[in-house]
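**Student:** Below is one structure. I have some questions about it.
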Amino acid sequence: MTDIKAVVRLEHPDIVLTETVSHDRSSKVKSVSEAGTDPTSGRFFYRIESVDFSQFEDGLREDNTVGDFERVIETRDGEAIYSFEYTDEAKIISPIISTASGVILGMENEGEAWVFTVWMPDRTNLVHLWDYAKQNDVEIELLRVNEYASLGDTDAGLTDSQREALLVAVERGYFEEPRNATLSDVAAELDISQPAASGLLRRGIKRLVVSSLTDGSETPE
């Protein structure tokens, strides 16, 4: 079996936060993959860049896909971490990727479209995304796909500890939305501290992203 890293572009007005980024065209939304979300909280975290957070938040209040939001912390000028609750009207892509046994390595907006970088255990698993797009009138485009040996069989730049942490996180449902496991659950399974587990996952995801977007010659820090 050969796993893949795919970059997919999707567009629909009801994909979460689309109306908000349309209202604030200076905004850039990126997923926070390492956030230790409580699987029962229904809250999701994103890193936001904007020249005017008040305009961004005006967009959130008018966004039919957002039920509630909170500016958790401003990390620096023009950048902050937000948490969101989604409404029933929101089209959420991550559960579809989870159903396909995939993991979201990265997500960000490109104007009003959304670009997902995903890992999947086999190229045929992408059909779940295309079926969902067809059934929900979502525009979809495959930008790039790279094939690799299975995550369990290749290093892809990963250390043994990073690979084990990622596999445990996938098996426990840590990458699903809403999550079926917390960072604490993953750490307990690995018998390490939460900060150590977070570091392994964060660095492992970074290495997977680098391996999917480059020829492997670039070494993550």
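What follows draws every value from the coordinates through simple rules; no lab data is involved. Computed from a predicted structure; not experimentally measured. Positions of Cβ are backbone-derived with ideal geometry, glycine not excepted, and every protein chain shown enters the neighbour counts.
**Student:** For residue 180 paired with residue 161, estimate the spin-label separation in nm (one decimal), with each label point 7 Å from Cα along the Cα-to-Cβ line.
**Tutor:** According to this spin-label approximation, the distance is 2.7 nm.
**Student:** Okay, moving on. Can you list the lysines whose alpha carbon sits under 21 Å from that of residue 206, skipping same-chain ones fewer than 8 residues off?
**Tutor:** The qualifying lysines are 5, 28, 30.
**Student:** Next question. Please work out how much length the chain gains when fully extended from residue 47 to residue 124, using 0.36 nm per residue of separation minus the C-alpha to C-alpha distance, in nm with one decimal.
**Tutor:** Here the answer is 24.6 nm.
**Student:** By how many nm would the segment from residue 25 to residue 55 lengthen if fully extended, with 0.36 nm per residue of separation less the alpha-carbon distance?
**Tutor:** 9.8 nm
**Student:** Further question on the same structure: Short version: ³J(HN,Hα) in whole Hz for each residue of the range 17-25, in order, from phi by Karplus 6.51 cos²θ - 1.76 cosθ + 1.60 (θ = phi - 60°), x for Gly and Pro, what are they?
**Tutor:** 6, 4, 5, 5, 5, 6, 6, 10, 6
**Student:** Further, regarding this structure: Using 1/(1 + (r/R0)^6) with R0 = 25 angstrom and r between the beta carbons of residue 75 and residue 113, what's the FRET efficiency to the nearest 0.05?
**Tutor:** E between residue 75 and residue 113, to the nearest 0.05, is 0.50.
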